[in-house]
Every structure is written in C-alpha cells, then in structure tokens.
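Read-outs throughout are calculated quantities, based only on the coordinates presented, and are distinct from any laboratory measurement. These numbers come from a predicted model, not from an experiment. When we count neighbours, we look across all protein chains shown, and the Cβ atoms used for this are built from the backbone with ideal geometry, even at glycine.
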Amino acid sequence: MVGAACSPKDEPPVPSEYFNLAEGNWWEYETRKGFGLDTATWTLDSVIESYHETLTITDETDGVYTWVITYEADTFADTMQALIIGDTLMLSVIKTFTNPMDETDTITVSDTIPYALCPLVVGMSWSSQEKFVMAALLDTDLLEDSVFYHIEALVEAQEDIVTPYGNFNAFRVYYRNKFRIKFTAQPVMNVELPQRIWWAPETGPVRWVDKDYRDETNPLFAPWLVKNLFDMGGGE
C-alpha cells in the first residue's frame with residue numbers, strides 16, 4: 001500500500017481525511033526497543049525488546065478524537081486528544097523526564113500543540129508558542145522554579161519507506177520538544193526530547209522513532225523505540 005500525496009493542482013485535502021481520522025481507526029506497530037540508532041536506515045544496533053503496540057481512535061465527539069495507545073502484554077495505556085483547527089492537527093501531549101537537579105525526581109508537563117499541517121511539504125516548519133507549564137521545587141534552595149515548554153517541527157524529507165504492512169511514500173517530520181527550566185538561584189537549563197514521525201497522506205503515521213521514558217526518564221540514557229506499521233483497519 002502506498003500513501004497517496006496530493007498534486008498541487010488538486011483541491012486542498014480535507015485534514016480529517018489527510019490524517020485518516022475516524023472513530024474506530026487503528027494502527028498496530030511492530031516496536032523494537034534498544035540502543036544505537038542508525039539514522040541512515042532508522043534501525044537499532046542493539047535490540048533489547050520487541051513487542052507490538054496499537055494506536056486506536058476510540059471516540060470522536062464534536063471534532064475531538066481520543067487516541068489510545070495500548071501495549072502488548074501490558075495493562076499500561078497512553079491517552080491523547082486530537083482535533084483539527086483550520087489546516088492543523090492539534091494534539092495533547094504529556095512529557096515526563098528526569099529533574100536535572102535531582103535524578104530521584106521527575107518533571108511531567110502537558111500541553112496542546114500543533115502536530116502536523118495539511119498538506120505536508122518538505123522544508124515546512126512550525127512551532128508552538130513557549131508556555132509556562134508548571135512551577136515546582138526543582139533544586140535544594142526551597143524556592144519555586146518555573147518550567148516552560150514549546151515544540152519545533154520540521155518536515156525533513158518525503159521518502160519511500162518499507163514497513164511490515166507495506167511500502168509508503170511518507171513525510172518524515174522531526175519534532176523537538178524543548179523545555180526551559182528557570183531556576184530561582186541557578187542558571188537556566190534547557191532539555192530537549194527528540195521524536196520523528198513518518199506521515200503517509202490518507203493513511204496516518206506509518207513509522208515512529210522516539211525514546212522510551214517509561215522506565216528510564218533520563219533523556220541521556222533512555223532507550224530508543226523504532227515503531228513500524230504492522231497492520232491497520234477500523235473506521236469507514
């Protein structure tokens with residue numbers, strides 16, 4: 001199966017169709033977890049675990065889509081909300097990482113961000129406005145510190161990729177989740193969490209490359225996750 005891109009002469013695509021949003025749609029991924037990410041082939045040098053996970057649109061109410069990610073042999077699930085505003089797919093995200101001043105503690109923030117534009121074009125970039133997302137005691141001075149968050153995205157390439165489900169012509173989008181931690185009595189610290197998603201028009205996300213922060217919240221040591229589409233189906 002090949003994701004169909006729109007010709008510039010065609011009518012502008014409908015965002016919900018372009019991103020394949022419909023209640024009941026699901027995407028199953030073959031996920032490999034490990035270390036040594038090869039950015040030429042998007043494979044791992046060392047795989048420590050393989051499993052399947054499934055992204056399902058479980059509900060659509062007034063244009064808001066509930067995305068639920070479930071994991072094979074695991075009761076844990078991630079839930080996100082997606083909606084279309086104009087030509088933009090907005091997504092609620094929750095990010096957790098190690099407090100750089102106290103590795104026994106973690107920082108968790110949430111926000112709704114622009115995740116993809118319709119249609120995608122190579123070289124296109126966008127970002128969210130930096131927002132204050134939380135205040136907490138993050139160091140030892142007993143004074144409240146502030147965390148700010150924004151995302152920067154770039155469509156790096158349009159390329160043919162191979163997945164267990166089939167071949168796709170997809171847009172590779174590089175996401176940089178950027179956090180600025182403003183300490184009361186320490187220098188400002190910046191933390192960045194990278195992610196890439198390959199979007200095939202009218203199919204959806206067919207590959208993800210991300211880090212797994214569920215067991216290791218330190219971005220320096222968290223293992224990579226490479227997820228390739230294994231099966232899909234669902235809504236009409």
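Rounded to the nearest 500, what is the chain's calculated 222 nm mean residue ellipticity when only DSSP H runs of at least 4 contribute -39500 (n - 2.57) each, over all residues?
0 deg cm²/dmol, from helical runs alone.
Could you give the length gained on full extension between K131 and A77, defined as 0.36 nm per residue of separation minus the Cα-Cα distance, in nm?
Gain in length upon complete extension: 16.8 nm.
Given springs between every Cα pair under 10 Å in a Gaussian network model of the chain, which of L83, L142, L117 has the largest fluctuation?
L142
Computed FRET efficiency, Cβ-Cβ of A22 and S146, R0 45 Å: what is it to the nearest 0.05?
0.70
Using the 10 angstrom Cβ neighbour count as an exposure proxy, how do T61, T66 rank, fewest first?
Listing T61, T66 from fewest to most nearby Cβ atoms yields T61, T66.
Using the alpha carbon gyration tensor of the chain, what are the three equivalent-ellipsoid semi-axes (square root of 5 times each eigenvalue), largest first, in whole Å?
Values for the chain, descending: 31, 21, 17 Å.
Taking the Cβ of H52 as the centre, find all other residues whose Cβ is under 11 Å away and add up their charges (Lys, Arg: +1; Asp, Glu: -1).
That sum, taken over residues with Cβ under 11 Å, equals -4.
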